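The values are calculated or read from the model by the stated rules, or taken from the named source; none is laboratory data. These numbers were taken from a predicted model, which means no experiment stands behind them. Because the Cβ atoms are built from the backbone with ideal geometry, glycine has one as well, and the counts that use them run over all protein chains shown.
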Amino acid sequence: MAIVLDDTGFGQLGCFGSDIETPSIDRLAGGGLRFNRFHVTALCSRTRASFLTGRNHHAVGMGFLADIPLAFPGYNARLPRTAAPLPRILRDAGYSTLAVGKWHLVPRFERSAAGPFGQWPLGTGFERYYGFLQGDANHWSPNLVSDNHYVDPPATYADGYHLSEDLADTAIRLVTDQQHNAPGKPFFLYFALGATHAPHHVAPEWVEPYRGRFDKGWDTWRAETFERQLASGVVPPGTVLTPRPSWVDAWDDLSADEQRMHARQQEVFAGFLAHTDAQIGRLLTALDQLGRLHNTLVLLFSDNGASAEGGRMGSVNEHRFTARIPESAADNMAALDEWGGPRTYNHYSWAWAWAGNTPMRLWKRYTWLGGTRTPLVVHWPERITSPGIRGQFAHVVDLMPTILDATGLEAPGVVDGVTQQPVDGASLVPTFASPDAPSPRDTQYFEMLGSRSIVHGRWKATTDHISTGVLDEEELATGSRDFAEDRWELFDLETDFSEHTDLGSAHPDVLRQLQELWLAEAGRNQVLPIDDTFIKRVGALIPPAWPPGPARSYRPGAGPIGDESIPPLFGGFRLTAEATVPAGADGVLCALGDWHGGFALFVANGRLVFAFSRAGEMLEVTAGEQVPEGDHELAVFYRMRRGETGDFTLLYDDRSVGTLPVPGMLPMAIQHGGASLRLGYDTGFPVSDRYRPPAAFSGTLHRLRIETPGAPPPDPLEEVRAALHHE
């Protein structure tokens, strides 16, 4: 069984030095092994691809996020047939294969109800699946998939629903059903929680025990965590705590209000993690009651280090940066009492991410150890008789070979007539019995948006390269944006656990050899060409011009329609609802997303309304007159005018009945973890507080047409750059 955490740093679990309560994980560690030199790829999709295939992420097409497939082999976001995934191998060997939780391995535009389904969980060898396909989810109202179709959550926020609890319930049910109906049949459960990725959603009762716990701030918390790490042995003696980066605020330099804001962010995160641990505990208890825990190999790890995507201030809505809405301490403070609740899509400050990766540098998205070294806990009572800490170098590609070794299986050379590419990882099973067993491998490259490093034997070489276009970060001040000017540093990992002391000037020959080795590994694994610009990767999804597109029609009666199934709206659009309008009309004609990000065309108090949530910033226009009875076209039109303010215009049968100026551009994509496009009603949380789901339309909606008139800028990426840089 694999338990995959999301965005959980090296120092955030109790068994790795934290004071956040994680008793269930700690019990696994106490009866098993803690690997303190375990590494991942610094980003979620990539780590998951490497785990499931045993190959380096570029070698299986996952050089970046699954959401942004590119034409280059290392970045096409499609697991190749030459790398049969672990569930396929285990299923063929007689195992039941079950996946629950986050997937994030389906290329954008293949996530709709039409598929294709080859990259969905069931297409890769799992027999059952329940969870979400995107990179994050609203834990109060997620966009869920069961097997190969979209479903609504079984309950609502008002009923006490929470995604992590639902995932644990489902995992327990699937395993219990499997054992009841095929007693003793081996199973593989992939349990990939959405936690602790933002939004940090959790009920107040889980947060309350941490009230005041972090008032001393991240500098003190990091130092105290480091002391616990040294005392427990999870960090070896002689380790040096890396210093706070210059662009991360010193706690004592913050105002009292800022300190309270940041402390609250960490309190909510701590409650979120503690709640996550409790759900893991419920699953482990169920396995124990089934009599299977003692002979089940459990691997628990995080996909990358703690996330700094909340920026300097933290964020009441993590999607604000894509919508040209700068973070604001005032906005955060106004929402502080609701932090973690349904009106927030919250993320903590990058300073807490830095502290969460104690004692390493930086965070997710970088190939410094803060991005790539995460906890690994291994539990297997029947085979691990000497629990403790293991210091062998390990990487996520080693976990698939470890599982195959533990089950007595070999990676097949041919699957479905397709010759398989070599497995890059090596089994960790020999380390289970002996803390002195050698590391299974001694060379591993890393690359993430131009940030590059390589481990070879005792040495690690790391660049100072900073990617562009992800966040407008002060961190850019201390790194290189020009590959030609990148500075490589050299570290002796045998004596320098935290990557603190640069030895490049003392060993220039070693440093040069590692640079050359990195280039050779990059060529072998399809890393090249390197592109460090997030903007260009996003731009690859945008056509070279924005001509008017053909109308797309959608009719009521089908299932949820994902945002990948509607044309891009940010350059201009017309939504037209063909409807029969009764007297006293009311209700939703169409809605996508929710109040964190989305749009809705609806009738309220007899008047047509269009509401657009730009990452929580509400843009809303109401018609100046009542909707006429009978058969009509009710529409909203938007055109972005280059260098000017756009407008939302409401139309009754092509007659303007209301206009709202819209400064700036709309988000390139509607970021939401909630509902897909719904016709004639809404579900989950609303886009606007002027209606309450389901708010079914009281008339008859016949059809929704979406037309994209487009926009004429000669360089469409210019507008995208502006959006992602808050310009």
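Within the range 137-145, can one find any residue that is more than 16 Å from F685 (Cβ to Cβ) and in contact with a Phe, Trp or Tyr (Cβ under 8 Å, 6 or more places away or on another chain)? Talk me through it step by step, then tell me what you get.
Our first condition is that a residue be more than 16 Å from F685 (Cβ to Cβ); within the range 137-145, this holds for 145.
Next, only the ones that are in contact with a Phe, Trp or Tyr (Cβ under 8 Å, 6 or more places away or on another chain) stay: 145.
Yes, the conditions are met somewhere in the range 137-145.
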Applying the selection to the range 447-480, what residues are at pLDDT below 90 and among the hydrophobic types (A, V, I, L, M, F, W, C)? I466, V470, L471, L476, A477
For R365, work out the one condition from (1) crowded, with 24+ Cβ neighbours inside 10 Å; (2) over 19 Å from S18 (Cβ atoms); (3) charged (D, E, K, R) it doesn't fulfil. (1)
Test E499 against the criterion of being modelled with pLDDT of 95 or more and touching a helix residue (DSSP H, G or I) at 6+ places or on another chain (Cβ under 6 Å), and give yes or no. yes
Taking the conditions exactly as written (in contact with a Pro (Cβ under 6 Å, 6 or more places away or on another chain) and buried (at least 22 other Cβ atoms within 10 Å of the Cβ)), does L43 satisfy them or not? no
Kindly establish whether L519 is at pLDDT 90 or above, out of contact with any strand residue (DSSP E or B) (no Cβ under 6 Å at 6 or more places or on another chain) and surrounded by 14 or more Cβ atoms within 10 Å (Cβ to Cβ). yes
Here are the criteria: (1) of a type outside the set (F, W, Y); (2) over 16 Å from Y638 (Cβ atoms); (3) out of contact with any Asp or Glu (no Cβ under 8 Å at 6 or more places or on another chain); (4) crowded, with 21+ Cβ neighbours inside 10 Å. Tell me which single one C590 does not satisfy. (2)
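Condition first: of a type in the set (A, V, I, L, M) and at pLDDT below 95. Now tell me which residues in the range 559-582 satisfy that.
Taking the range 559-582 first, the residues of a type in the set (A, V, I, L, M) are 561, 566, 569, 575, 577, 579, 581.
I561, I566, L569 - these are the residues of the range 559-582 that are of a type in the set (A, V, I, L, M) and at pLDDT below 95.
Restricting attention to the range 310-338, report how many residues are closer than 30 Å to L283 by Cα and assigned to a loop (DSSP other than H, G, I, E, B). Please lay out each step first, then the result.
If we filter the range 310-338 for residues that are closer than 30 Å to L283 by Cα, which is where we start, we get 318, 338.
Narrowing the set further to residues that are assigned to a loop (DSSP other than H, G, I, E, B) leaves 318.
Looking only at that region, the number is 1.
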On the basis of being part of a helix (DSSP H, G or I) and either in the same structural domain as P243 (by TED's automatic domain parsing) or modelled with pLDDT under 95 (or both), does V538 make the cut? yes
Would you confirm whether or not the range 241-253 contains a residue that is surrounded by fewer than 17 Cβ atoms within 10 Å (Cβ to Cβ) and part of a helix (DSSP H, G or I)? yes
Within the group A585, A600, which residue is over 27 Å from the mean Cα position of the chain (by Cα), under 22 Å from S698 (Cα atoms) and not hydroxyl-bearing (S, T, Y)? A585
Any residue at all in the range 79-98 that is farther than 21 Å from S427 by Cβ, free of Cβ contacts under 8 Å to residues at least 60 places away in the same chain, buried (at least 22 other Cβ atoms within 10 Å of the Cβ) and not acidic (D, E)? yes
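How many of the residues making up the range 607-640 are without any contact (Cβ under 8 Å) to a residue 40 or more places away in the chain and surrounded by fewer than 16 Cβ atoms within 10 Å (Cβ to Cβ)?
Here the count works out to 2.
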List the number of the failed condition for K185; all other conditions in (1) part of a loop (DSSP other than H, G, I, E, B); (2) in contact (Cβ under 8 Å) with a residue 40 or more places away in the chain; (3) surrounded by 14 or more Cβ atoms within 10 Å (Cβ to Cβ) hold. (3)
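If a residue counts only when it is aliphatic (A, V, I, L, M) and either touching a residue at least 40 places away in the same chain (Cβ under 8 Å) or surrounded by fewer than 18 Cβ atoms within 10 Å (Cβ to Cβ) (or both), which helices (runs of 4 or more DSSP H) contained entirely in the range 368-464 have at least 3 such residues? Give the derivation first.
Details: elements: 369-372, 399-407, 429-433.
Fully inside the range 368-464 and qualifying: 399-407.
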Taking the range 124-152 and keeping residues in a loop (DSSP other than H, G, I, E, B) and surrounded by fewer than 20 Cβ atoms within 10 Å (Cβ to Cβ) leaves E127, G135, D147, N148, D152
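In the range 298-319, which residues are of a type in the set (S, T, Y), closer than 23 Å to G14 by Cβ and in contact with a helix residue (DSSP H, G or I) (Cβ under 8 Å, 6 or more places away or on another chain)?
Taking the range 298-319 and keeping what is of a type in the set (S, T, Y), we get 302, 307, 315.
Okay, now just the ones that are also closer than 23 Å to G14 by Cβ, so 302, 307.
Answer for the range 298-319, where residues must be of a type in the set (S, T, Y), closer than 23 Å to G14 by Cβ and in contact with a helix residue (DSSP H, G or I) (Cβ under 8 Å, 6 or more places away or on another chain): just S307.
Taking the criterion of being of a type in the set (F, W, Y), assigned to a loop (DSSP other than H, G, I, E, B) and in the same structural domain as P80 (by TED's automatic domain parsing), would at least one residue in the range 25-46 satisfy it? First the steps, then the outcome.
Keep residues of the range 25-46 that are of a type in the set (F, W, Y), which gives 35, 38.
From the residues that got through so far, the ones that are assigned to a loop (DSSP other than H, G, I, E, B) too are none.
Scanning the range 25-46, I find no residue that is of a type in the set (F, W, Y), assigned to a loop (DSSP other than H, G, I, E, B) and in the same structural domain as P80 (by TED's automatic domain parsing), so the answer is no.
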Among the residues of the range 102-123, is any modelled with pLDDT under 95, out of contact with any strand residue (DSSP E or B) (no Cβ under 9 Å at 6 or more places or on another chain) and not in a loop (DSSP other than H, G, I, E, B)? no
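Filter the range 486-520 for residues that are in a helix (DSSP H, G or I) and either β-branched (V, I, T) or in contact with an Asp or Glu (Cβ under 9 Å, 6 or more places away or on another chain) (or both) and give the result.
Let us first name the residues in the range 486-520 that are in a helix (DSSP H, G or I), namely 508-520.
Scanning the range 486-520 gives V510, L511, W518.
One line per residue, one yes/no per condition, for (1) within 30 Å of W380 (Cβ to Cβ); (2) modelled with pLDDT under 95; (3) surrounded by 24 or more Cβ atoms within 10 Å (Cβ to Cβ):
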site	(1), (2), (3)
Q265	no, no, yes
L287	yes, no, no
L290	yes, no, no
G305	yes, no, yes
P326	no, yes, no
A351	no, no, yes
Checked the range 1-47 for anything more than 18 Å from L293 (Cβ to Cβ) and of a type in the set (D, E); matches are D6, D7, D19, E21
Selection within the range 497-516 - crowded, with 19+ Cβ neighbours inside 10 Å and touching a Ser or Thr at 6+ places or on another chain (Cβ under 8 Å): F497, S498, E499
Matching entry among T374, T419, T358 (being of a type in the set (V, I, T) and not assigned by TED's automatic domain parsing to the domain that holds A42): T419
The condition from (1) of a type in the set (K, R); (2) in contact with a strand residue (DSSP E or B) (Cβ under 8 Å, 6 or more places away or on another chain); (3) within 22 Å of W518 (Cβ to Cβ) that R55 misses is numbered (2)
Between a first residue in the range 193-213 that is closer than 29 Å to V100 by Cα and a second residue that is among the basic types (K, R) and crowded, with 21+ Cβ neighbours inside 10 Å, which pairs have beta carbons less than 6 Å apart while being 6 or more apart in sequence or on different chains? G194/K102
